[in-house]
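Heads up, the thing below is written out as structure tokens.
The values are calculated or read from the model by the stated rules, or taken from the named source; none is laboratory data. Quantities reported herein were computed from a predicted structural model and do not represent experimental measurements. Cβ sites come from the backbone with ideal geometry, for glycine too, and all protein chains shown count toward neighbours. Ligands, DNA and RNA are stripped out before the accessible areas are found, and what is left, the full protein with its side chains, is counted by its heavy atoms. Shrake-Rupley method; radii C 1.70, N 1.55, O 1.52, S 1.80 Å.
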Amino acid sequence: GELSDVDRHRMSRTGMLPLSEDQGLALFDAAAQLDTPTPILARLDLAAMRDAGFAPALLAGLTSPRRKAASEAAAGLRARLAETPESERFGVLVEVVRGQVAATLGHRNANAIEADRAFNELGFDSITAIEFRNALKTATGLRLPATLVFDYPSPTALAAYLHEELTDHHSSDQPADLPENDIRRALQSIPLARLRDAGLLDALMKLAQGQESHGETEQSITEESIDDLDIDGLIDMAYNNSSED
């Protein structure tokens, strides 16, 4: 009798339907006639419970989450982020978080959720925090801690964390820069014959030839003369030339 409309809506969405006084008394009378020590008096919407993707451990045997639907939801979000410009991805994730907050707390839409307001100020308790974590886990496909709303205490902070987890920091056409020493060590471990077979020797030769052209002599470097060098000498010539360019 003391539940708000938001509380009733949230309960119904998870498959636990409220009981009227008449229904509760009728179930109590029926339970008293059973030779069962621990009956549970409840109205369950198993379809809603399955759609929510979460059931209390005591009721888990009655239904199973829609794992396929959950994986499709996560794949859909990742595809959406991949198609969204990098500068707009954080905003998308803020709206995803706000939408899940609104659904968990029983609001009609995400407009009621302030992105920078703390979760505890928005009305979260221990139960709604777990429900929210489970819903967001389904939406993102990420393994999220039970302490999610405490670790990232606002929708904005949580969206920033999800942005780190769901988006790549380097696009496929913009590889991360490697330190010069790492490149040197990698090249030094490769025999000249393998560099030639891989087509990399020509690139190093061109760099080395460019270095020679800046010097006092105009003599070009041939592949045969390259073979007389050790790999360190060739790399030094190539790097020195690229540095001057």
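Observations, loosely collected:
- Count of region 16-30 residues, restricted to those that are within 22 Å of ALA48 (Cβ to Cβ) and of a type in the set (D, E, K, R), is 0.
- Filtering SER64, SER71 for residues that are open to solvent by 60 Å² or more (accessible area, probe 1.4 Å), modelled with pLDDT under 75 and farther than 23 Å from ILE127 by Cβ leaves a single hit, SER71.
- Single residue of region 109-153 satisfying the filter (open to solvent by less than 20 Å² (accessible area, probe 1.4 Å) and not in a helix (DSSP H, G or I)) that is nearest to ARG80 (Cα to Cα): LEU144
- Taking each residue of region 135-164 that is under 23 Å from ARG10 (Cα atoms) and looking for partners that are open to solvent by 40 Å² or more (accessible area, probe 1.4 Å) and part of a loop (DSSP other than H, G, I, E, B) with beta-carbon atoms closer than 6 Å, six or more apart or interchain, yields SER154/ASP116; LEU158/TYR152.
- Any pair with Cβ under 9 angstrom, 6 or more apart, that starts in region 106-121 at a residue that is farther than 12 Å from PRO153 by Cα and ends at one that is open to solvent by 80 Å² or more (accessible area, probe 1.4 Å) and modelled with pLDDT under 90: GLY106/ASP5; GLY106/ARG8; GLY106/HIS9
- Those residues of region 120-164 which are over 16 Å from GLU95 (Cβ atoms) and among the β-branched types (Val, Ile, Thr), in sequence order: ILE127, THR128, ILE130, THR138, THR147, VAL149
- Any hit, region 78-90, residues being modelled with pLDDT of 90 or more, among the aromatic types (Phe, Trp, Tyr), closer than 22 Å to LEU144 by Cβ and in a helix (DSSP H, G or I): yes
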